[in-house]
Structure formats: structure tokens, C-alpha cells
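Just so it is clear, none of the values below were taken in a lab; they were calculated from the coordinates. What you are looking at is a predicted structure, and each value in this text was computed from that prediction instead of being measured. Neighbour counts are summed over all protein chains in view; Cβ atoms, including those assigned to glycine, are modelled from backbone coordinates with ideal geometry.
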Amino acid sequence: MSKIYACIWSNDKAAEMAKFYKSIFKGTKIGKTAYWGSNPMGVKEGSVLTMHLTLLGQKIMLLNGYTEMSFNESISFVVPCKTQREIDYYWKKLTSGGGKAVQCGWLIDKYGIRWQIAPAEFDKWNTSKNKKKKEAVMHAMWKMVKLDLKKLQEAYEKN
């Protein structure tokens, strides 16, 4: 069992979210599901309370809290991609059905979850001791919405 995992609060969309993410991230496994018992909140007994899933090897719990709670940009999930095809795939799937592009490889899916769809090499580029390489990548990235792996790689290699 993981020592730590994320819980994503939803009002009443946990099952829908699990199905959506499973359709995007190959190999996703839906685990244990808990159901509401009798409660003082007026939530229908027997409706989904929590659903656990494993997404790209990361355990996540989806919670139907039945109290309006909004997401904010202080947390996001990073999906490191080895190819442009992978970046394009996750970008298209996660923005479908009402999601929206943001900037610098960030997007918000239709449930309000923030995602960073980034090259797997980004951490290497961003922590380079070569200041020119690091800054060239950052300056190139700031001009992009969906990230272009080839242009970022070129920016890194030129300097």
C-alpha cells in the first residue's frame, strides 16, 4: 500500500471521473469503492462515497463529498511524456468534453482538475546547471500553450 496518495473531492461525480480517466490512461485499475450509509447530510444511502483507482501507477481516491467544493490551481498532476504523440494524446483526451487549455503545458479537464502535460526531459532541462540552456527552454515554453517537444529540445540543445 502507498504511504501517501491524493484524494480528489467531487460533489457527486466520482464514478463518472473514474470512467473518464480509465478511458484515457491505459492500464488504469479501479479498486475499492465505498458507499454512503445513513447520514445527516441528506445524501442518498447506497450512493458512491469513494472510489480508488491506480492511474499510471499512482493511487488516487475520488470522493463524493456532496458539498460544493471548488478546485484551484494550487495542485496539479504532472504527466511526463516521452514523445510528442503522447503529449498530443493526453492533451486531446483531457481537454475533451469541456476541458480547456491554459498555458505552458497546463490544462484543466472538464472536472476542474489541473494537469501538466510535459516532456519527460523537462526536469532535466529545468534543473540544468547551464543557465543558458535552462533559460532557453523556459523562454520557449512561455510562448506555448500545448508544449512542442521538438522546439523545447532544440532550445535546450542550441545553448
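How large is the Kirkwood hydrodynamic radius of region 1-93, counting all unique pairs of alpha carbons, in Å?
14.7 Å
Give me the aspartates and glutamates in straight-line cross-link reach of K131: C-alpha distance below 18 Å, same-chain residues under 8 apart excluded.
K131 reaches E121, D123, E154, E157.
Which residue fluctuates most in the GNM of the chain (Cα springs below 10 Å): S74, S128, S47?
S74
Quick one: net charge of K13's neighbours, Cβ under 13 Å, K/R +1, D/E -1?
-2
Which loop-located trypsin sites (Lys or Arg not before Pro) does region 51-141 contain, where loop means any DSSP state but H, G, I, E or B and the Cβ has at most 16 other Cβ atoms within 10 Å?
K82, K110, K129
Could you check what % of the DSSP bridge pairs in region 76-159 are antiparallel, to the nearest 5?
Bridges in region 76-159 that DSSP calls antiparallel: roughly 50 percent.
Only Cα pairs under 8 Å and at least 6 apart count here; give the relative contact order of the chain as a rounded whole percent.
Averaging sequence separation for qualifying contacts and normalising by length gives 18 percent for the chain.
Just to confirm the number: angle between the C-alpha axis of helix 149-158 and the first principal axis of the chain, 0 to 90 degrees, nearest 10?
Result, in degrees: 40.
Can you give me the angle between helix 131-142 and the longest principal axis of the chain, using Cα atoms only, in degrees from 0 to 90, rounded to the nearest 10?
Result, in degrees: 50.
On a 0 to 90° scale, report how tilted helix 14-24 is relative to the longest principal axis of the chain, with both axes built from alpha carbons and the result rounded to the nearest 10.
For helix 14-24, the angle is close to 40 degrees.
Using a simple charge model, +1 on the beta-carbon of Lys and Arg, -1 on the beta-carbon of Asp and Glu, nothing else, what dipole does region 65-111 show about its Cα centre, in debye to the nearest 20?
It works out to roughly 240 debye.
On a full-extension model of 0.36 nm per residue, what is the gain between N39 and K143, subtracting their alpha-carbon distance, rounded to one decimal in nm?
32.4 nm
How much mean residue ellipticity at 222 nm does the chain get from its helices, if each DSSP H run of length 4 or more adds -39500 (n - 2.57) and you divide by all residues, to the nearest 500 deg cm²/dmol?
-9000 deg cm²/dmol
Would you list, by chain and number, the lysines whose Cα falls below 24 Å from the Cα of K26, excluding same-chain residues fewer than 8 positions away?
Answer for K26, where 24 Å is the Cα cut-off: K3, K13, K59, K82, K92, K93, K100, K110, K146, listed by chain and number.
Between beta-carbons, use under 13 Å as the cut-off and find the net charge around K133, counting Lys and Arg +1, Asp and Glu -1.
+2
Which value in Å does the Kirkwood hydrodynamic radius of region 35-159 take, with 1/r averaged over all unlike C-alpha pairs and then inverted?
Hydrodynamic radius (Kirkwood, Cα pairs) of region 35-159 is 16.7 Å.
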